[in-house]
Amino acid sequence: MKVLVPISNGTEDMEAVIIIDMFRRAGLDVTVAGDADIITCAHGLRLVPDLSIDELDADDVFDAIVLPGGSQGVDHMIQNDTLTRLMAPHHAARRLIGAICAAPMILHEYGFLKGDAAVTSHPGVASDLSVYQYSTDRVVEDGHIVTSRGAGTAFEFALIIIQRLVGDTVATRVATDIVLYE
């Protein structure tokens, strides 16, 4: 299973690292695409993407695209034409999309959420998403879209995406390996 995790300067550190690490522990083929050679996350962590997001095109097919939050990083991703072009056919094909923290704003801005969509996010962007069926649940699943609240829910969020992509057994193994569950 192929997963794309786009990152930008200002991406939330914990969300990016937890998501990427958990997916790789699950054996997923993760591509980290950034809009710079070195990404400085919201709290100063520096990440080196696998490739530039501009190297991707609409012919690149992923089983899931998972968007970490961080308000500055999300703002950059909303403006990124390559991500817009890549996500439109992905969404139209109803392939899995994950968005955590402020990242559901990307889905909102791209027009991927409809009025009856169930969604959650970081409280800081909740008012912008209140036009949908907004929830304060830690993780919300609505069809092919999974949203989550923030850094504190990143493990649960990643495990649900793992579960949806490769099943309960792998998700349980990953959670057990990191002693999330005993």
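The values are calculated or read from the model by the stated rules, or taken from the named source; none is laboratory data. Bear in mind that the values here come from a model prediction, so they are computed numbers and not experimental data. Note that each Cβ is placed from the backbone with ideal geometry, even for glycine, and that neighbours are counted across all protein chains shown.
Brief remarks on what is shown
- Check on A118, surrounded by fewer than 18 Cβ atoms within 10 Å (Cβ to Cβ), touching a strand residue (DSSP E or B) at 6+ places or on another chain (Cβ under 6 Å), among the small types (G, A, S) and in contact (Cβ under 8 Å) with a residue 24 or more places away in the chain: yes
- Of all residues in region 133-172 being more than 19 Å from D63 (Cα to Cα) and touching a residue at least 60 places away in the same chain (Cβ under 8 Å), the one that is surrounded by the fewest Cβ atoms within 10 Å (Cβ to Cβ): F155
- Residue match in region 53-76 (condition: modelled with pLDDT under 95, among the hydrophobic types (A, V, I, L, M, F, W, C) and farther than 22 Å from I162 by Cβ): yes
- If you filter region 17-35 down to residues that are in a helix (DSSP H, G or I) and touching a residue at least 60 places away in the same chain (Cβ under 8 Å), you find that the one that is surrounded by the most Cβ atoms within 10 Å (Cβ to Cβ) is I19.
- Residue within region 101-121 that is part of a strand (DSSP E or B) and hydrophobic (A, V, I, L, M, F, W, C) present: yes
- Summed over region 61-102, the residues that are charged (D, E, K, R) and touching a strand residue (DSSP E or B) at 6+ places or on another chain (Cβ under 8 Å) give a count of 2.
- Test: F23 is out of contact with any Ser or Thr (no Cβ under 9 Å at 6 or more places or on another chain) and either among the β-branched types (V, I, T) or within 26 Å of A93 (Cα to Cα) (or both): yes
- The conditions of being modelled with pLDDT of 95 or more and either within 24 Å of I160 (Cα to Cα) or aromatic (F, W, Y) (or both) are met by I18.
- Selection within region 88-105 - without any contact (Cβ under 8 Å) to a residue 60 or more places away in the chain and either surrounded by fewer than 24 Cβ atoms within 10 Å (Cβ to Cβ) or over 20 Å from V139 (Cβ atoms) (or both): A88, P89, H90, H91, A92, A93, R94, R95
- Some residue of region 56-79 being touching a Pro at 6+ places or on another chain (Cβ under 6 Å) and either over 16 Å from L4 (Cβ atoms) or in a loop (DSSP other than H, G, I, E, B) (or both): yes
- Unique residue being within 24 Å of I162 (Cβ to Cβ) and among the hydroxyl-bearing types (S, T, Y) when the list is S121, S127: S121
- A single member of L51, L83 is at negative phi and surrounded by 17 or more Cβ atoms within 10 Å (Cβ to Cβ), and it is L83.
- T40 vs. criteria at pLDDT 95 or above and among the β-branched types (V, I, T): yes
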